[in-house]
Amino acid sequence: MNIYSTLQRHIYEYLQAREKAGLLRKLTPCFVKNNPKSLYLNLNDYLQLSTHPLVIQEAKKALEIWGTSSGGSPAVGSYWPIHQELENVLKEWCGFEYGLLWNSGYTANKALLSSLPQKGDVVLADRYVHNSMLLGAQETQAKLIRYHHLNLNHLEDLLRTYTHPDRTVFVVTESVFSMEGDYPDFSYMSLLKDRYNFFWIVDEAHALGWYGPKGNGLVAQFGVEKNVDILVATLGKALASQGAFTLFHNPHLRSYLLNRSPEFIYSTYLTPAATAASLAAIKVIKTEYIMRQSQWLSQTLKFKSRLKQFFPSIPLYDSPILPLVIGDPEKTLRLAAQLAEQYHIYVGAIRPPSVPKGTSRLRLSLHCNVAFDFLAQILETFFTSQR
């Protein structure tokens, strides 16, 4: 048997099936970022800080001081003072005592959920929680149960069933959900935490910078920082850089993860330039952008309300994520291409397995500088023409 021919046949058949279903992904450099004639709503640069002068200036300074690379794994000497500085700023900003930086949010989530739950434990995860958390939990011998999306009554039923002194029950949720733009009632989740004493992990990737009294996320906005055991968030969205972080109240969690997680131990660490960019982004959010927060939140909610005439299923939350569910994957691709061609508006065309079958969608990542009324007029014209 020619194993290479067998492998090639498998690969070919897989790609053909994906293409036939309208689900084949391709990488195409389809635009030049920051073209003033285009509107990029397929990027998660929610506060547009990737082009802010201070963020760029501080990244350049770090390049001159530290060079282009951290040089290796943090476990063997590439944990620099600038990394420690960012950890300190993040934990103070978000209301935690300890922090740890990671190379990506995916890496951080997968590391947490693959190393913390043990045999006999239970992981209760929101149905729509990120793939990285699910894959991490599936690598353990813990029992994974997915509760109905945002249904805290269902979560409490499961907590009643599985809470036991001899096991740890983990509850895992995103704050703003990446494909829906909605979020849970953290006040009620905090009450459940007091009642059932579960281990609470919250992914703030799409809320940090957009929400919070200091731009420090939904956990801070709801005032439940002390009840969250681990907060995870990315540096690559509103903070306009790259990488991620985890925050803790218990110092042993930090020590355990940096000793236990291969994702941390065996990877070259964050570049100093990316770290400096994140530090600058936080400074800008706290001093400049927080004054504008109420404006972009109200404009976002008003904008979503206008589009409900075309898409009744839009969740009316003031988050930056707007899902326009189309259903058919090929039609979703076609509509995204038309928006780019006719109006120079770039949106995400999200298809399975990123979302459930039959829910392919245009995903708009709104940002604080969007001309909301003008965009609403364009989209109303466009979707009227599609009827």
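Observations on the structure shown:
- Extent along principal axes [Cα atoms of the range 268-387; Å; largest to smallest]: 47, 38, 26
- Per-residue ellipticity at 222 nm, computed for the chain from helices alone with -39500 (n - 2.57) per DSSP H run of at least four residues, works out to -13500 deg cm²/dmol.
- Solvent-accessible area, 1.4 Å probe, carbon plus sulfur percent, for the chain: 53 percent
- Among 310, 198, 248, residue whose mean-square fluctuation peaks in a GNM of the chain (springs only between Cα atoms under 10 Å): 310
- Lysines whose Cα lies under 23 Å from that of residue 308, excluding same-chain neighbours fewer than 8 positions away: 331, 357
- The separation of the range 73-116 from the range 244-265, counted between C-alpha centres, amounts to 7 Å.
- Local electrostatic count, residue 129, Cβ distance below 14 Å [Lys/Arg +1, Asp/Glu -1]: -3
- Our coupling estimate for the range 155-168, obtained by passing each phi through the Karplus curve with A = 6.51, B = -1.76, C = 1.60 and θ = phi - 60°, is 4, 5, 4, 5, 5, 4, 6, 9, 5, 7, x, 8, 9, 9 Hz, Gly and Pro reported as x.
- Here's how it looks for residue 123: its modeled amide H is under 5 Å from those of 143, 144, 145, 170, which are all 5 or more places away or on a different chain.
- Sequence-distant residues sharing a close amide H with residue 46 (under 5 Å, placed H): 238
- Karplus-derived 3J(HN,Hα) values for the range 287-294, using 6.51 cos²θ - 1.76 cosθ + 1.60 with θ = phi - 60°, are 9, 10, 7, 4, 5, 9, 4, 4 Hz; glycine and proline are entered as x.
- Residue-normalised accessible area of the chain, expressed per residue, 1.4 Å probe, Å²: 47 Å²
- The residues neighbouring residue 294, those whose beta-carbon lies less than 15 Å from its own, together hold a net charge of +1 under the Lys/Arg +1, Asp/Glu -1 convention.
- Rounded to the nearest 20 debye, dipole of the chain from Cβ charges on Lys, Arg, Asp, Glu: 860 debye
- With a Förster radius of 25 Å applied to the C-beta separation of residue 16 and residue 354, the computed FRET efficiency comes to 0.75.
- Residue with peak Gaussian network fluctuation, the chain [Cα springs, cutoff 10 Å], from 324, 239, 258: 258
- Derived scalar couplings ³J(HN,Hα) [the range 99-111; Karplus, 6.51 cos²θ - 1.76 cosθ + 1.60; whole Hz; x for Gly, Pro]: x, 8, 8, 9, 7, 7, x, 4, 4, 5, 4, 5, 5
- Taking only alpha carbon atoms, the chain gives an Rg to Rh ratio of 0.97, where Rh is the Kirkwood radius.
- In this rough spin-label picture, where each label sits 7 Å from Cα along the Cβ direction, the residue 163-residue 383 distance is 4.1 nm.
- Amide hydrogen proximity for residue 207: with H placed 1.01 Å from N in the peptide plane, the residues at 5 or more positions away or on another chain lying under 5 Å are 176.
The values are calculated or read from the model by the stated rules, or taken from the named source; none is laboratory data. Everything numeric in this text was worked out from a predicted model, so none of it was measured. Note that we place each Cβ from the backbone using ideal geometry, even for glycine, and neighbour counts take in every protein chain shown. Ligands, DNA and RNA are stripped out before the accessible areas are found, and what is left, the full protein with its side chains, is counted by its heavy atoms. Shrake-Rupley method; radii C 1.70, N 1.55, O 1.52, S 1.80 Å.
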